[in-house]
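Derivation of every value follows stated rules applied to the coordinates shown; laboratory data play no part. Bear in mind the structure is a predicted one, so any value in this text is a computation, not a measurement. Neighbour counts are summed over all protein chains in view; Cβ atoms, including those assigned to glycine, are modelled from backbone coordinates with ideal geometry.
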């Protein structure tokens, strides 16, 4: 019987699927890095989400490992180079949380344009600030989408429903260049994976190209944006504001200057965490892990 360790919390659908296929499933969603190193050698498969870091040392200790599954789309918490050298398969669930991330992206965009957070906060504090904050409509505004995969295409469809004009920049199919997009868009949303090519894709130079009235939204990966440059741009009102779900360091440190800014909305990397997305990702990765292990 093949043994699979699930080291992060995943939805029940994937767990049940593995059990139905007669796999020995071990659930340890709170396993520490030290415990993982000590135990990984007894497993044929490993399933993680974002909490567990699959380092080269973990891979070296995983003498029986044949497959590592990520219940999500990204693989940045897995040392893919070390995995390939070890001949271990890597599977994930691309697109499983696309709807959830796209909806969260639109929620941030709407909240920014409507000044939703400060208005709601003021009312709860007993202030009826009906005339203080001026909302802006999405209709007629230009949305610049950087990256046009599962999520980007869904965001485009949703934004078009609000009457927004859509422009897109990708590495392969580009309507406009990134520089042109930054200059034209009223809001820019990022939907690219984290890689050497996308590290600090948006830095001081790119932020300087944006309109003073424009917003930046990032629900992709933290390292895609130079946080220091963004903080400076927000502090100097070089751009109107930002909505961020991802950060260079997670959890976000208490001394991060982003926490003190009034023109940014921050959420704790929850864009892809709807109940439906968790179920889809869990089942998809379980099916992929079963497929990889039954091939041996």
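Points to keep in mind about this one:
- Estimated FRET transfer efficiency when R0 is 25 angstrom, pair residue 171-residue 50 (beta carbons, to 0.05): 0.55
- Between helix 98-114 and the chain there is an angle of about 20 degrees, using the helix long axis and the longest principal axis of the Cα atoms.
- Mean separation of Cα contacts under 8 Å (6+ apart) over length of segment 98-266, as relative contact order %: 19
- Tilt relative to the chain, helix 275-294 - C-alpha long axis, 0 to 90 degrees, to 10: 30
- Within a Gaussian network of the chain (alpha carbon springs, distance under 10 Å), most fluctuating of 230, 259, 201: 259
- Averaging the sequence gap over all C-alpha pairs within less than 8 Å and six or more residues apart, then dividing by the number of residues, gives the chain a relative contact order of 20 percent.
- Candidates 206, 129, 250, ranked by Gaussian network fluctuation over the chain, Cα under 10 Å, top entry: 129
- The calculated FRET efficiency for the pair residue 13 and residue 248, based on their C-beta separation and a Förster distance of 35 Å, comes to about 0.65.
- Prolate is the label for segment 191-296, because the ratio a/c of its alpha-carbon gyration tensor axes (a ≥ b ≥ c) is 1.5 or higher and a/b is greater than b/c.
- Global geometry of segment 1-67, whether rounded, prolate or oblate, following the gyration tensor of its Cα atoms and the 1.5 cut on a/c: oblate
- Cα centroid separation, segment 66-97 to segment 118-144 (Å): 41
- (1) 31, 25, 17; (2) 31, 21, 18; (3) 39, 20, 18, with the label sought being that of the calculated semi-axes √(5λ) of the Cα gyration tensor in Å: (3)
- Within a Gaussian network of the chain (alpha carbon springs, distance under 10 Å), most fluctuating of 264, 58, 119: 119
- The label point for residue 39 and the one for residue 125, both projected 7 Å from the Cα toward the Cβ, are 4.6 nm apart.
- Taking the C-alpha atoms only, the angle from helix 150-161 to the longest principal axis of the chain is near 30 degrees.
- Estimated [θ] at 222 nm from DSSP helical runs (n ≥ 4, -39500 (n - 2.57)) normalised by residues in the chain, nearest 500: -11000 deg cm²/dmol
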